[in-house]
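In what follows, a structure is listed as structure tokens, so that the remarks can point back to it.
The values are calculated or read from the model by the stated rules, or taken from the named source; none is laboratory data. None of these values were measured; they are calculated from a predicted model. Keep in mind that these areas ignore ligands, DNA and RNA; they rest on the heavy atoms of the full protein, side chains included. Shrake-Rupley method; radii C 1.70, N 1.55, O 1.52, S 1.80 Å.
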Amino acid sequence: MYMRHPSLSKQHAVLQFRAKEIANDAEPGAPPTRLVLPYIMDLGSTNGTFLNGERIEAQRYIELREQDALKFGESSREYVLLHDKSED
């Protein structure tokens, strides 16, 4: 995403989709379920990346969940994670 605000670093954060395998505990011996989930990582920005109001640690991937709110630096804009089955 391209964002323009004086408090943002040129390369501020990365949003990445990664595959994750979830064990199928309901059926022993069944193969794990493979999901593709969103993650956020702050790239060592000066003014930080915030998840649900808390500054996240730099250089560490954090799994995102539906309704999570992201803010970058001192920008007042908030980005809320939704998916195709989200209700209004």
The condition from (1) within 13 Å of LYS71 (Cα to Cα); (2) at pLDDT below 90 that GLY29 misses is numbered (1)
For residues that are under 14 Å from HIS12 (Cα atoms) and acidic (Asp, Glu), scanning just the stretch 45-77, find the one that is least open to solvent (accessible area, probe 1.4 Å).
GLU57
Tell me, which residue of the stretch 44-88 that is among the charged types (D, E, K, R) and more than 15 Å from the chain's Cα centre (by Cα) is farthest from ALA19 (Cα to Cα)?
GLU74
For the stretch 27-44, give me the residue count where each residue is open to solvent by less than 90 Å² (accessible area, probe 1.4 Å) and either closer than 17 Å to ARG77 by Cα or among the aliphatic types (A, V, I, L, M) (or both).
7
